[in-house]
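Undergrad: Submitted below is the structure of interest, expressed as structure tokens.
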Amino acid sequence: MQTRRILTGILMLLVKLLLAVLIAVGIYHLGEYAYSFGHSIYDNETVSDPPGRDVAVVIPDGSSISQVAKLLEARGLIRDEKVFRVQERLSRYHGQLKAGNYILNTSQTAEEMLAILSGNEEDLSENEDDG
């Protein structure tokens, strides 16, 4: 009887230890993903180096930012539609995207694409003058 109690105690300890390890690994991976996602939002990384590739896109009237982001990802202009949606939300162009035909380039940043898609191309030339 005493042996059984000891084995049960050891087994419970191992289960608790395994659970603690699984929780720690889960928290680590969640933190790693959160860091990577956050870094991607503020990183001005482009899909390709200049001169890039021009891509024609049509933004239909009434398109949501989610639909636009999925279209841009499908056309190879951005890497991650979720990141682009957050970038739009945090940008000065939030809620300003306009329907229309556009030529975007794989070497443009999300900020540059948002300026074009919102009809604020003059922001791009102002930024070039500053640099």
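The values are calculated or read from the model by the stated rules, or taken from the named source; none is laboratory data. As the structure is a computational prediction, the values presented were derived from the model and not from experiment. No Cβ is skipped: glycine too gets one built from the backbone with ideal geometry, and neighbour counts run over all protein chains shown. Heads up: the accessible areas ignore ligands, DNA and RNA and are worked out on the full protein's heavy atoms, side chains in. Shrake-Rupley method; radii C 1.70, N 1.55, O 1.52, S 1.80 Å.
Undergrad: Taking the full set of protein chains and a 1.4 angstrom probe, give the accessible area of Leu18 in square angstrom, rounded to the nearest 10.
TA: 100 Å²
Undergrad: Related question: When all protein chains stay in place, what accessible area (Å², nearest 10, 1.4 Å probe) is found for Lys82?
TA: Accessible area of Lys82: about 100 Å².
Undergrad: Using +1 on the beta carbon of Lys and Arg, -1 on that of Asp and Glu, and nothing else charged, what's the dipole of the chain about the Cα centre, debye to 20?
TA: About 1600 debye.
Undergrad: Roughly how many Å² is the accessible area per residue of the chain, as a whole number, for a 1.4 Å probe?
TA: Details: 9130 Å² over 131 residues.
Solvent-accessible surface per residue comes out at 70 Å².
Undergrad: Another question, if that's okay. What does region 50-122 give for Rg and for Dmax, in Å, if only its C-alpha atoms count?
TA: My reading of the Cα-based Rg and Dmax gives 10.9, 32 Å.
Undergrad: Considering only protein heavy atoms, with the full assembly of protein chains and a 1.4 angstrom probe, order Thr3, Thr106, Thr8 by accessible area, largest first. Kindly include the intermediate steps, with their values, before the conclusion.
TA: Details: Thr3 95, Thr106 5, Thr8 75 Å².
Final ranking, largest accessible area leading: Thr3, Thr8, Thr106.
Undergrad: Would you mind pulling out the separation of the Cα centroids of region 1-44 and region 90-118, in Å?
TA: Their Cα centres are 41 Å away from one another.
Undergrad: I would also like to ask the following. Determine the share of region 63-129's accessible area contributed by carbon and sulfur atoms, expressed in whole percent, with a 1.4 angstrom probe. Provide the component values of the computation, followed by the final result.
TA: Details: 1550 of 3470 Å².
Carbon with sulfur: 45 percent of the solvent-accessible area.
Undergrad: Kindly provide the GluC sites (Glu not before Pro) of region 83-125 that DSSP labels as loop, not H, G, I, E or B, and whose Cβ sees at most 16 other Cβ atoms within 10 Å.
TA: Sparse-neighbourhood loop GluC sites (Glu not before Pro): Glu121.
Undergrad: Looking at region 1-77, which GluC sites (Glu not before Pro) are DSSP coil and have at most 16 other C-beta atoms within 10 Å of their C-beta? Numbers along the way, then the final one.
TA: Details: sites: Glu32, Glu45, Glu73; in loops: Glu45.
Passing both the DSSP loop test and the Cβ count: Glu45.
Undergrad: Scan (i) 1.70; (ii) 0.96; (iii) 1.03 for the value of Cα Rg over 2.2 N^0.38 Å calculated from this model and give just the label.
TA: Answer label, from the structure shown: (i).
Undergrad: Further question on the same structure: Please identify the DSSP H helices in the chain that span no less than 24 Å along the helix axis (Cα) and have a mean Kyte-Doolittle hydropathy of -1.0 or more. Numbers along the way, then the final one.
TA: Details: long enough: 2-42 (60 Å, 1.06).
For the chain, where a helix must reach 24 Å along its axis and average at least -1.0, the hits are 2-42.
Undergrad: Using label points projected 7 Å from each Cα along Cα→Cβ, tell me how many nm separate Tyr28 and Lys98, to one decimal.
TA: Going by the 7 Å Cα→Cβ label model, 5.1 nm.
Undergrad: Compare the Cα positions of Gly26, Leu104, Ile59 along the charge dipole of the chain (+1 at Cβ of Lys, Arg; -1 at Cβ of Asp, Glu; about the Cα centre) and return the one farthest towards the positive end.
TA: The one lying farthest along the dipole's positive direction is Gly26.
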